[in-house]
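See structure below.
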Amino acid sequence: MNAAPIFLAFAFLLSRICLVLAVPYKPASDDVVIEKLPRSVLDARSYQAARSKLHSNPTNLSVALPLARGYLEIAQRTSDPAFVDYAEGVIQPLVAQGLASPEIFYLRGVLRQHKHDFANALADLDRVLASEPSHFGALLGKASILMTQGRYKEAKKIFLGNLPLTRNLGGLTVFCTLASMNGSLETSYGLLFGQAAVAHNVSPEEQAFAWTALGEMGVRQGKLELAEAHFKKALALQPDSSYSLATYCDLLLSLGRAGEVLNRIEENTPSEALLLRRILARKENGDPDVVDQAIRAARIFHQSGHLRELAFLQLEVLEQRQEALEAALRNWEAQKEPIDALIALKAAAAGRNPASVQSILDWVRESKLEDVRLDAVAARLANPHCSANREMNNFCVRRPPSR
C-alpha cells in the first residue's frame with residue numbers, strides 16, 4: 001500500500017478549505033496549536049523520500065529493508081494496522097523476486113507475527129536461525145511467539161541454549177515474563193525490577209518494554225499501586241506505546257477510573273486494542289451511544305480476526321454471553337496469555353458454564369500461571385450461586401485453584 005495518496009488527498013482537502021474561507025485563520029501567536037497530528041503520521045512523512053525511490057525500483061534492498069524496518073517499528077509502537085500493510089507492500093516484491101536473505105525472512109516473520117499468523121511467522125524465523133543461529137531478533141521473536149502460544153518449555157529452551165540473550169534488557173524482559181507465567185512470578189519480578197532500575201544506557205523503548213512487563217506482573221500479583229507506577233514510568237519513556245497504554249487502561253478501568261481512559265485514548269485511534277478500551281470506558285461513563293459504537297467495532301474485530309477484543313466487547317458491552325464465550329474459546333486455541341484465559345473464564349462465569357473452560361482451568365494449574373484475577377474468576381466458577389456482581393462477590397469464597 002502506498003501512503004502518498006493519503007497525504008495528497010489531505011493536501012487537496014486543505015486547498016479546498018482555503019478557497020472557501022474568505023479570510024485565512026491566523027493564530028494570535030506561535031504558541032497556538034492548530035492541530036496535533038499523531039506521531040505515526042509525522043513518522044510516515046519522513047519515509048516519503050524512500051518510498052518514492054522504491055516506487056521506481058521495488059527491489060532496491062538498500063532502500064527497501066530500512067523502509068520495511070521503519071514501518072514495522074511504527075506498527076509495533078502504535079498498533080496501527082496501516083503500517084503493517086505498508087511494510088507488507090515493501091516485503092512482498094522482494095520475496096516475489098526470489099531475493100531470499102535472513103533479513104528479508106526475519107522482517108516477514110515479524111510481519112506475520114503482527115497478523116497473528118504464528119505458524120508461518122515461526123517458519124520464517126526458523127529459516128533465519130538455520131543460517132544465523134545467533135540472530136538476536138529471530139531468537140527473541142520465536143521465544144515471544146512460543147510464549148504467546150503457551151509453549152513455555154520450548155520457549156525456555158531458547159534461553160537455555162543462548163544465555164547471552166538475557167544480558168540485554170529486552171531479552172531479560174522476555175525471559176522474566178516467560179518465567180513469571182510458569183511458577184516464578186515473584187522471583188521474576190524481583191530480577192527484572194533490579195535490572196530495569198539501573199538500566200540507564202539502553203534505549204527508552206527498551207526501558208519502557210521492561211517497565212510495562214513489570215506493571216503487568218504487579219497486576220497479576222494484585223499490587224495495583226505499584227503496577228500503576230510502573231505503567232506511568234513506561235509511558236513517560238515511550239508516550240505513544242499502544243501496548244503500554246492498553247495495559248495501563250485495563251488497570252484504570254478495573255479501578256473505576258474510566259474518565260482517565262477517555263482522556264488518554266484519542267477518539268479515532270487506529271489501534272483496535274485501544275478502541276476496545278475506549279468503548280469500555282464510554283460504557284462505564286454511561287454513554288448512550290455506546291452500543292452502536294460497540295456494534296461497529298465488533299465488525300472491525302471480526303474482520304481483522306482479533307477474537308480477544310471481540311469477546312471482551314460482546315461480554316462487557318453487547319451482553320452476548322454465548323457469543324463472547326465462543327469467541328474467547330476460539331481465541332484461546334491460538335493465544336494463551338493471561339488476558340486470554342481471563343476473558344474465557346469471565347465469559348464462562350457470566351454464562352454459568354464452568355464445564356466449557358475446565359481445560360483452561362487445568363492448563364492454568366498445570367502451567368503454574370499465577371494471577372489473582374484468574375483466581376477470583378475461578379472462585380466464581382467453583383460457586384455457581386456467586387453472582388458476577390461486584391457487591392455479591394464480597395460474599396463468595398475466593399478459593400484459588402490448587403497449583
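The values are calculated or read from the model by the stated rules, or taken from the named source; none is laboratory data. These numbers were taken from a predicted model, which means no experiment stands behind them. For neighbour counting, all protein chains shown are included, and Cβ atoms are generated from backbone atoms with ideal geometry for every residue, glycine included. To get the accessible areas, we keep the full protein, side chains included, count just its heavy atoms, and leave off ligands, DNA and RNA. Shrake-Rupley method; radii C 1.70, N 1.55, O 1.52, S 1.80 Å.
Listed values, structure above:
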{"item": "Meets criteria (in a loop (DSSP other than H, G, I, E, B) and either open to solvent by less than 20 Å² (accessible area, probe 1.4 Å) or over 22 Å from Ile339 (Cβ atoms) (or both)) for His230", "result": "no"}
{"item": "Residues that are in contact (Cβ under 8 Å) with a residue 12 or more places away in the chain, open to solvent by 60 Å² or more (accessible area, probe 1.4 Å) and more than 19 Å from the chain's Cα centre (by Cα), drawn from the stretch 105-138", "result": "Asp126, Arg127, Ser131, Glu132, Ser134, Phe136"}
{"item": "Scan of the stretch 337-366 for residues that are open to solvent by 40 Å² or more (accessible area, probe 1.4 Å) and touching a residue at least 60 places away in the same chain (Cβ under 8 Å), ordered by number", "result": "Glu337, Trp363"}
{"item": "Tally, over the stretch 145-169, of residues that are over 19 Å from Arg365 (Cβ atoms), within 17 Å of the chain's Cα centre (by Cα) and surrounded by fewer than 20 Cβ atoms within 10 Å (Cβ to Cβ)", "result": "1"}
{"item": "Options Ala273, Ala258, Ala236, Ala246; residue that is among the small types (Gly, Ala, Ser), open to solvent by 20 Å² or more (accessible area, probe 1.4 Å) and closer than 21 Å to Ile295 by Cα", "result": "Ala273"}
{"item": "Residues being of a type outside the set (Phe, Trp, Tyr) and over 23 Å from Asn331 (Cβ atoms) - total across the stretch 125-164", "result": "22"}
{"item": "Residue selected from the stretch 76-100 under the condition touching a Leu at 6+ places or on another chain (Cβ under 8 Å) and over 27 Å from Leu275 (Cβ atoms), by the criterion surrounded by the most Cβ atoms within 10 Å (Cβ to Cβ)", "result": "Leu94"}
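Per-residue answers, yes or no, for (1) in contact with a Leu (Cβ under 8 Å, 6 or more places away or on another chain); (2) at pLDDT 95 or above:
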| residue | (1), (2) |
| --- | --- |
| Gln335 | no, yes |
| Lys346 | yes, yes |
| Gln358 | no, yes |
| Glu370 | yes, yes |
| Asn383 | no, no |
| Ala388 | no, no |
| Arg398 | no, no |
